[in-house]
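Notes follow once the structure below has been shown.
The values are calculated or read from the model by the stated rules, or taken from the named source; none is laboratory data. Quick caveat, the model's predicted, so the values are computed rather than measured. Glycine also receives a Cβ, built like all others from the backbone with ideal geometry; neighbour counts cover every protein chain displayed. Quick note on the areas: whole protein, heavy atoms, side chains included, nothing else; ligands and nucleic acids left out. Shrake-Rupley method; radii C 1.70, N 1.55, O 1.52, S 1.80 Å.
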Amino acid sequence: LSPTVNFALRISFYCALCLVVSALAAVACLLVNGGRTVKNMRIIKAFVKTFKYFFGLRFEVKGLENFKVEGPALIVSNHQSILDMMGLMEVLPDNCVQVGKKELMYMGSVGLIMYLGGVIFINRKSTSSAKMVMSEVAKTMVTENTKVWVYPEGTRNCTGDLLPFKKGAFHLAVQAQVPVIPVVYSSFTTFYNPKTKLFTSGKIKVEILPPIETKGLTSDDVTDLSDRCFSTMRETLFRLSGHPGEAKDSS
Ligand SMILES: CCCCCCCC/C=C\CCCCCCCC(=O)SCCNC(=O)CCNC(=O)[C@H](O)C(C)(C)COP(=O)(O)OP(=O)(O)OC[C@H]1O[C@@H](n2cnc3c(N)ncnc32)[C@H](O)[C@@H]1OP(=O)(O)O
Ligand SMILES: CCCCCCCCCCCCCCCC(=O)OC[C@@H](O)COP(=O)(O)O
């Protein structure tokens, strides 16, 4: 098979798997929990955790104990590909919902399963409405004791580096006065590259970093908090991906 055909087949298979399994999982969620609730994430996680075996992907996870903070927290991680849903579900703590773009809601059964799992949809094209939704989330995550997972790059990026962070996630953490827990996935570039049509089996290193406290911080500290997270995550990304040189060059 030519690499292009092989890539197309594997990606199509991934999408088909997501669509079919989402439909099955939606039935399970409705039967068990009856509607939209973060409790459904446990069911979704159990299904998605089997996907890695179809693609020969292995996860090596470090730092899971850093999720064991009492109460709500904001989790931020790097976003490389639609394949990230496997890595997300590999480590997802209980009572945790994700922030996603609203377009995802219209992906058939995949949109339905996200809705049932409690995913918070934002309109990226309207900063003011996205900010409003996220301020609301800052309140509910405290009263309902949930964790929130945000991809602060705001879009997929499979270059082996990080895009500059959007601020919304860090405003959210400061408004809710909850700790920020960074999670870093090693670069996919050795086994997955949509530009060169590469998609083979591979190993992904995942590291959950220690929580960064935000108690007492105000909106004036958001940029600083975001910059701190960015530099620790970028360093970790290069270390996990085995490019220690790049970490030095980039200062
Ligand atoms: C069973 C099988 C199933 C198979 C299938 C699997 C299903 C699995 C189920 C479930 C998994 C679900 C997985 C979902 C995955 C989704 C992934 C995505 O969709 S990633 C895209 C969306 N995510 C984001 O975009 C990040 C969040 N974005 C932000 O936070 C942005 O900041 C945003 C949208 C709020 C604004 O973006 P701006 O482009 O306008 O950029 P800015 O620079 O950040 O903001 C502009 C100004 O507004 C201020 N600002 C932002 N937020 C603020 C706030 N809350 N309060 C006050 N000021 C704020 C900022 O400080 C900035 O101002 P100054 O430049 O600093 O002066
Ligand atoms: C109506 C039928 C539509 C068919 C859809 C095919 C199903 C595809 C399944 C893939 C499911 C994986 C979930 C993907 C979540 C994700 O990773 O979204 C990417 C966006 O966050 C980032 O936005 P951007 O990079 O800016 O497009």
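Set side by side, the residues Gly63, Gly71 differ, and just one is out of contact with any Gly (no Cβ under 6 Å at 6 or more places or on another chain) and modelled with pLDDT of 95 or more, which is Gly63. For segment 94-139, a tally of residues being polar (S, T, N, Q), farther than 24 Å from Leu19 by Cα and near ligand 1 (Cβ under 6 Å from one of its atoms) returns 2.
Determine whether Phe230 is open to solvent by 50 Å² or more (accessible area, probe 1.4 Å) and hydrophobic (A, V, I, L, M, F, W, C).
Spelling it out, Phe230 is indeed open to solvent by 50 Å² or more (accessible area, probe 1.4 Å) and hydrophobic (A, V, I, L, M, F, W, C).
Each row is one residue, and each column tells you yes or no for (1) touching an Asp or Glu at 6+ places or on another chain (Cβ under 6 Å); (2) at positive phi; (3) at pLDDT 95 or above.
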{"position": "Thr196", "(1), (2), (3)": "no, no, no"}
{"position": "Ile212", "(1), (2), (3)": "no, no, yes"}
{"position": "Leu217", "(1), (2), (3)": "no, no, yes"}
{"position": "Asp220", "(1), (2), (3)": "no, no, yes"}
{"position": "Thr223", "(1), (2), (3)": "no, no, yes"}
{"position": "Arg228", "(1), (2), (3)": "no, no, yes"}
{"position": "Arg234", "(1), (2), (3)": "no, no, yes"}
{"position": "Phe238", "(1), (2), (3)": "yes, no, yes"}
{"position": "Ser250", "(1), (2), (3)": "no, no, no"}
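Is it the case, given these coordinates, that Ala16 is within 12 Å of ligand 2 (Cβ to nearest atom) and within 26 Å of Ile120 (Cα to Cα)? Considered against the rule, which asks whether it is within 12 Å of ligand 2 (Cβ to nearest atom) and within 26 Å of Ile120 (Cα to Cα), Ala16 comes out as yes. Residue by residue through segment 141-163, note down the ones that are under 24 Å from Phe188 (Cα atoms) and either exposed (fewer than 14 other Cβ atoms within 10 Å of the Cβ) or among the acidic types (Asp, Glu) (or both). Selection gives Glu153, Thr155, Thr159, Asp161. Within segment 30-44, the residues that satisfy the criterion of being of a type in the set (A, V, I, L, M, F, W, C) and under 21 Å from the mean Cα position of the chain (by Cα) are Val38, Met41, Ile43, Ile44. The criterion of being under 23 Å from Ser241 (Cβ atoms), in contact with a helix residue (DSSP H, G or I) (Cβ under 6 Å, 6 or more places away or on another chain) and surrounded by 13 or more Cβ atoms within 10 Å (Cβ to Cβ) holds for Val76. Evaluate the following for Ala138: is it modelled with pLDDT of 95 or more, crowded, with 18+ Cβ neighbours inside 10 Å, touching a strand residue (DSSP E or B) at 6+ places or on another chain (Cβ under 7 Å) and not charged (D, E, K, R)? Against the criterion (modelled with pLDDT of 95 or more, crowded, with 18+ Cβ neighbours inside 10 Å, touching a strand residue (DSSP E or B) at 6+ places or on another chain (Cβ under 7 Å) and not charged (D, E, K, R)), Ala138 does not qualify. Here is the figure for segment 21-46: residues that are touching a residue at least 40 places away in the same chain (Cβ under 8 Å) and open to solvent by 60 Å² or more (accessible area, probe 1.4 Å) total 3.
What tally of residues in segment 95-120 results from selecting those that are within 11 Å of ligand 2 (Cβ to nearest atom) and at negative phi?
Matching residues across segment 95-120 total 17.
Of note, Val206 satisfies the criterion of being in contact with a Ser or Thr (Cβ under 8 Å, 6 or more places away or on another chain) and assigned to a strand (DSSP E or B). In segment 38-45, is there at least one residue being touching a Gly at 6+ places or on another chain (Cβ under 6 Å), over 20 Å from Pro179 (Cβ atoms) and of a type in the set (Val, Ile, Thr)? Taking every residue of segment 38-45 in turn, at least one turns out to be touching a Gly at 6+ places or on another chain (Cβ under 6 Å), over 20 Å from Pro179 (Cβ atoms) and of a type in the set (Val, Ile, Thr).
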